[in-house]
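Below: one structure in structure tokens.
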Protein chains: 2
Amino acid sequence: MINYTVSEENYIKTIHRLQQYGTVTTNALAAELKSKPASITAMMKKLKAKKLLNYQPYYGFRLSAEGNKVALLIIRRHRLWEYFLAEKLQFSWDEVHEVAEHLEHVSSKKLIDKLDEFLGFPTADPHGDPIPDAQGKIKNIQKVCLTDLPLNKPATVCQVADQSPSILELLNHNQIKIGTRVEVKRKFDFDNSLEIKTKQTAPFTISEQLAKNIFLNYAE
Amino acid sequence: MINYTVSEENYIKTIHRLQQYGTVTTNALAAELKSKPASITAMMKKLKAKKLLNYQPYYGFRLSAEGNKVALLIIRRHRLWEYFLAEKLQFSWDEVHEVAEHLEHVSSKKLIDKLDEFLGFPTADPHGDPIPDAQGKIKNIQKVCLTDLPLNKPATVCQVADQSPSILELLNHNQIKIGTRVEVKRKFDFDNSLEIKTKQTAPFTISEQLAKNIFLNYAE
DNA sequence: TTATATTTTTAGTTTTACCTAAATTTTTAT
DNA sequence: ATAAAAATTTAGGTAAAACTAAAAATATAA
Ligand SMILES: [Mn+2]
Ligand SMILES: [Mn+2]
Ligand SMILES: [Mn+2]
Ligand SMILES: [Mn+2]
């Protein structure tokens, strides 16, 4: 794999994220990268010349197959470093992104594959986003109810079924919201209550009724 | 601490290394950085303007007190990453430098101080060079004979007293040369022989006579 | 369907970090 | 002490990646 500049890599990664919702426009990219439309056009010409991008002037852009491969590799580096920072260096989940934004541009393949191995081939970063493997493959993320989550497998809250003020009061009290990383430590047969844990809290117990309303992203 | 560009950091680090032998000249720096004298002059003006360098045109350069602080911090980052690569990711000692050359420019203080803690505050990198602490202090490196090295304290071979072909034959057989990292695992009172270990080998025994001829850099 | 608004590209600058070639200063050798 | 050699700086230029302002193309709305 050829090496790209930090600037090129940041453009590629951002296009990859935005193109999930369709073709990416000049202005949308400029807004996302806090840049100016004219700068975007210049870089798009460069990425097109390098065959990373399909793009007709005045119509939007999408990454080429090669461009997508590069994007997945950068995302892999970013998320492995985030996992490292959170798990090994005790960074909190809101501190990891900024540092990973720099570490992701160190492009040694051996470094990343050895780091992956050292970390035990994690499948999700501290925010619950999936980590591509060395081939750029991402494990399927599926939505599961908290009641069905296996023990000791952290997953990320992505949906709360009930929207009443009373459930929100309880979630708030337990410091659970969309994006919170949760792990089930124990299940009690008597009342189907669950002992769960988040990064921010010591283990605590919640009712089956509450658990039934919480859905999580879970990498198989 | 202000942030510097990758280019500025590489200049600062190289000046710091060269100025051990006196004032650094334009041509010496150009040779070391594989650059051209005119490029050096331009950067020297910039570093002087930033108060990192003492420099009179046509005479050599030395880092200012502030410049030395910056240099020590970059060296700290470089050597901690080398230690990480060797100890945690099983890189061999000749592979670590190239990757560390990139990682050293990620400048988060928290990252480096947490990494230091995670690694157990190591005092020397895989080549035996001392690692500055968070204040930029370097532990004194002293030369000790292998017979006086404490148990389980790795140190780097820096000198072999006897230079005869017979001792070199033996050193070669045991894969010991200048720069080899050696650790004493056991001492036997009967004949003062030592069980030692290197990165490349399983533990093996050497005679007192051989040990007396091997001197090592040792960080107290 | 034509006029207006929006989006995108082009043109022309700036900054950083390089380069080569020429000029200048310092060193060295007769 | 002066001339030749070596080292260093200056002058002028390139490439990448940003910017502003103006021009051109596309979309929308009367
Ligand atoms: Mn992130
Ligand atoms: Mn980035
Ligand atoms: Mn090194
Ligand atoms: Mn470097």
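In the set A:Ala124, A:Ala100, which member is within 14 Å of chain B (Cβ to nearest Cβ) and open to solvent by less than 20 Å² (accessible area, probe 1.4 Å)? Talk me through it step by step, then tell me what you get.
Working: A:Ala124 fails: within 14 Å of chain B (Cβ to nearest Cβ).
Of the residues listed, the single one that is within 14 Å of chain B (Cβ to nearest Cβ) and open to solvent by less than 20 Å² (accessible area, probe 1.4 Å) is A:Ala100.
Taking the options B:Leu63, B:Leu111, name whichever one is surrounded by 20 or more Cβ atoms within 10 Å (Cβ to Cβ) and in contact with a strand residue (DSSP E or B) (Cβ under 8 Å, 6 or more places away or on another chain).
Values: B:Leu111 fails: in contact with a strand residue (DSSP E or B) (Cβ under 8 Å, 6 or more places away or on another chain).
None of the others qualify; the one that does is B:Leu63.
Could you tell me how many of the residues in segment B:185-198 are in a loop (DSSP other than H, G, I, E, B) and open to solvent by 40 Å² or more (accessible area, probe 1.4 Å)?
Of segment B:185-198, the ones in a loop (DSSP other than H, G, I, E, B) are B:188-193.
The next check asks that each one be open to solvent by 40 Å² or more (accessible area, probe 1.4 Å); those that pass are B:188-192.
Within segment B:185-198, residues that are in a loop (DSSP other than H, G, I, E, B) and open to solvent by 40 Å² or more (accessible area, probe 1.4 Å) number 5.
Has segment B:35-53 got any residue that is under 29 Å from B:Lys139 (Cα atoms), touching a Lys or Arg at 6+ places or on another chain (Cβ under 8 Å) and within 13 Å of DNA strand D (Cβ to nearest atom)?
Yes, that holds for at least one residue.
Oh, and also: Return yes when B:Leu73 is more than 14 Å from every other protein chain (Cβ to nearest Cβ) and within 30 Å of A:Phe118 (Cβ to Cβ) and no when it is not. So that I can check it myself, show each step before the final result.
Values: more than 14 Å from every other protein chain (Cβ to nearest Cβ): yes; within 30 Å of A:Phe118 (Cβ to Cβ): yes.
The answer is yes for B:Leu73.
Okay, next question. Can you pull out the residues in segment B:199-220 that are touching a Lys or Arg at 6+ places or on another chain (Cβ under 7 Å), part of a strand (DSSP E or B) and either open to solvent by 50 Å² or more (accessible area, probe 1.4 Å) or without any contact (Cβ under 8 Å) to a residue 24 or more places away in the chain (or both)?
B:Phe215, B:Asn217
Against the condition away from ligand 2 (no atom under 16 Å from the Cβ) and facing chain A (nearest Cβ under 10 Å), how does B:Leu80 come out, does it pass?
On the way: away from ligand 2 (no atom under 16 Å from the Cβ): yes; facing chain A (nearest Cβ under 10 Å): no.
So B:Leu80 fails the test.
Do we have B:Ala134 as among the aliphatic types (A, V, I, L, M), out of contact with any Ser or Thr (no Cβ under 8 Å at 6 or more places or on another chain), surrounded by fewer than 17 Cβ atoms within 10 Å (Cβ to Cβ) and over 30 Å from B:Ala211 (Cα atoms) here?
Details: among the aliphatic types (A, V, I, L, M): yes; out of contact with any Ser or Thr (no Cβ under 8 Å at 6 or more places or on another chain): yes; surrounded by fewer than 17 Cβ atoms within 10 Å (Cβ to Cβ): yes; over 30 Å from B:Ala211 (Cα atoms): yes.
Criteria met by B:Ala134.
Residues to consider are A:Phe118, A:Phe91; find the one that is within 22 Å of B:Glu95 (Cα to Cα), among the aromatic types (Phe, Trp, Tyr) and not assigned by TED's automatic domain parsing to the domain that holds A:Lys153. Walk me through it before giving the result.
Values: A:Phe91 fails: within 22 Å of B:Glu95 (Cα to Cα).
After applying the criteria, what remains is A:Phe118.
Take A:Ser92 and decide whether it is hydroxyl-bearing (Ser, Thr, Tyr), surrounded by 17 or more Cβ atoms within 10 Å (Cβ to Cβ) and assigned to a loop (DSSP other than H, G, I, E, B).
Working: hydroxyl-bearing (Ser, Thr, Tyr): yes; surrounded by 17 or more Cβ atoms within 10 Å (Cβ to Cβ): no; assigned to a loop (DSSP other than H, G, I, E, B): yes.
Spelling it out, it is not the case that A:Ser92 is hydroxyl-bearing (Ser, Thr, Tyr), surrounded by 17 or more Cβ atoms within 10 Å (Cβ to Cβ) and assigned to a loop (DSSP other than H, G, I, E, B).
A further question follows. Specify the residue that is most open to solvent (accessible area, probe 1.4 Å); the eligible residues are those in segment A:1-60 that are at positive phi and within 12 Å of DNA strand C (Cβ to nearest atom).
A:Tyr58
Quick check on my filter: what residues within segment A:108-121 are more than 7 Å from chain B (Cβ to nearest Cβ) and under 15 Å from B:Trp81 (Cβ atoms)?
Here is the first cut: in segment A:108-121, the residues more than 7 Å from chain B (Cβ to nearest Cβ) are A:109-110, A:112-113, A:116-117, A:119-121.
Within segment A:108-121, A:Lys110, A:Ile112 qualify.
The values are calculated or read from the model by the stated rules, or taken from the named source; none is laboratory data. If you're wondering where the values come from, they're calculated on a predicted model, not measured in any experiment. Neighbour counts run over all protein chains shown; Cβ positions are idealised from the backbone, glycine included. Only protein heavy atoms, including side chains, enter the accessible area calculation; ligands, DNA and RNA are left aside. Shrake-Rupley method; radii C 1.70, N 1.55, O 1.52, S 1.80 Å.
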